[in-house]
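Asker: So that we are looking at the same thing, I have put the structure below in structure tokens.
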């Protein structure tokens, strides 16, 4: 009963992996800088412990895009940087 | 953490930090889920929602799935209730960022409590029904109507104990538990053969050799305790074991019967320690991702974290063999009831 979400990471490109990780890192930095966990969770449509669960696993590129969109993280820039580094 | 595990930690001078974290996280999830589902779909119907897997074992991590079954107890007059229950589960998964099981596999669907009991061992007792029944028994936790789940387990045990010899462990139950364990192992091999992709192999392999094996062992322990401790009411004893005591806590009970056997207590200590290490491994997303990237054969894998857990799984097997087949307290029962 492998997690359906985690299994996606096998079929992604390096650019997608780097992009998703970079978006997650940006969210982690915001939380570390004191952004409200409850508010971020609410903006993502989650309860706070759902945000903890989200941060505890790798994201798909689609999840990263949704998070970036909800939190106004510059997804296009991050993706371009990931592509440039590949 | 369950009191049996805490008691074992005192006896064995052991700490289980990863399992403590997982137990606290799991318990919070269960309590929140009960409030949520009662609010969403109420209680005035014959449905229960039972979750299996790591949540049921109180070993949940951030990456755990929400493997649920909607268990129908008798006829439910308003059929829209079934759909409401499944929609509520999907909403729960979305809000908690948990992977939902979908509808094509073992979970995420409605099952009949009566059928699961009535067809034990008969021609329509398929791999799916066997799996659902044993998972509901060994690691199911209700997130809606716990009293219905307890009633279901009690009725199931009544079937297993019917016409059983009162002196020994419940042999019918042991046979079905063992049959399920062999089914899991065969199923693993079958999927390795069928699936052209090796995606996720490493984690499936480790879970089979550690957590699924320990769940099997936990059910065996409960059954053998019936013979070792001779409770007045076997059915009530087993019902409490499977409803109120998580899998690893059932294993930890062996401290009660291994008193004074330092070798066996040392082996039990190692078993619980390995379980804690694996829980920590599963809580680490990098380790999990690394395990999923591994490809068979297992001997070719050199990634250090995976190798460490592979060696731990070998050590677990050795400890269990010594515990059940060398320890004086268990070896006679094991030889008689766990072999032929």
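Asker: For residue B:100, indicate whether it is at pLDDT below 90 and touching a helix residue (DSSP H, G or I) at 6+ places or on another chain (Cβ under 6 Å).
Answerer: yes
Asker: With the checklist (1) closer than 23 Å to residue B:141 by Cβ; (2) in contact with a helix residue (DSSP H, G or I) (Cβ under 7 Å, 6 or more places away or on another chain) in hand, flag the one item residue B:290 doesn't pass.
Answerer: Every listed condition holds for residue B:290 apart from (1).
Asker: Within the range B:270-288, identify whether any single residue is more than 24 Å from residue B:253 (Cα to Cα), surrounded by fewer than 19 Cβ atoms within 10 Å (Cβ to Cβ) and either more than 14 Å from every other protein chain (Cβ to nearest Cβ) or touching a strand residue (DSSP E or B) at 6+ places or on another chain (Cβ under 6 Å) (or both), and answer yes or no.
Answerer: Scanning the range B:270-288 turns up no residue that is more than 24 Å from residue B:253 (Cα to Cα), surrounded by fewer than 19 Cβ atoms within 10 Å (Cβ to Cβ) and either more than 14 Å from every other protein chain (Cβ to nearest Cβ) or touching a strand residue (DSSP E or B) at 6+ places or on another chain (Cβ under 6 Å) (or both).
Asker: Scanning for something farther than 30 Å from residue B:38 by Cα, assigned to a helix (DSSP H, G or I) and out of contact with any helix residue (DSSP H, G or I) (no Cβ under 9 Å at 6 or more places or on another chain), does the range B:212-231 turn up at least one residue?
Answerer: No: zero hits.
Asker: Filter the range B:16-31 down to the residues that are without any contact (Cβ under 8 Å) to a residue 24 or more places away in the chain and in contact with a helix residue (DSSP H, G or I) (Cβ under 9 Å, 6 or more places away or on another chain), then identify the one that is surrounded by the most Cβ atoms within 10 Å (Cβ to Cβ).
Answerer: Top of the filtered list is B:20.
Asker: What number of residues within the range A:56-78 are over 11 Å from the mean Cα position of the chain (by Cα) and closer than 9 Å to residue A:23 by Cα?
Answerer: Final tally of qualifying residues: 2.
Asker: If I ask for residues that are more than 14 Å from the chain's Cα centre (by Cα) and within 8 Å of chain A (Cβ to nearest Cβ), which ones from the range B:46-64 would you list?
Answerer: Within the range B:46-64, B:61, B:62, B:63 qualify.
So that you can scan it fast, the table gives a plain yes or no per residue for (1) away from chain A (no Cβ under 14 Å); (2) touching a residue at least 40 places away in the same chain (Cβ under 8 Å); (3) surrounded by fewer than 16 Cβ atoms within 10 Å (Cβ to Cβ); (4) within 21 Å of residue B:60 (Cα to Cα):
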| position | (1), (2), (3), (4) |
| --- | --- |
| B:88 | yes, yes, no, yes |
| B:91 | no, yes, yes, yes |
| B:97 | no, no, no, yes |
| B:100 | no, no, no, yes |
| B:121 | yes, yes, yes, no |
| B:128 | no, no, yes, no |
| B:132 | no, yes, no, yes |
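Asker: Something else now. So which of B:116, B:106 is touching a strand residue (DSSP E or B) at 6+ places or on another chain (Cβ under 9 Å) and within 14 Å of chain A (Cβ to nearest Cβ)?
Answerer: B:106
Asker: Further question on the same structure: All but one of (1) surrounded by fewer than 19 Cβ atoms within 10 Å (Cβ to Cβ); (2) without any contact (Cβ under 8 Å) to a residue 12 or more places away in the chain; (3) touching a helix residue (DSSP H, G or I) at 6+ places or on another chain (Cβ under 8 Å) hold for residue B:73, so report the exception by its number.
Answerer: (2)
The values are calculated or read from the model by the stated rules, or taken from the named source; none is laboratory data. This one's a predicted model, so the numbers in the text were calculated from it and none came from an experiment. Neighbour counts run over all protein chains shown; Cβ positions are idealised from the backbone, glycine included.
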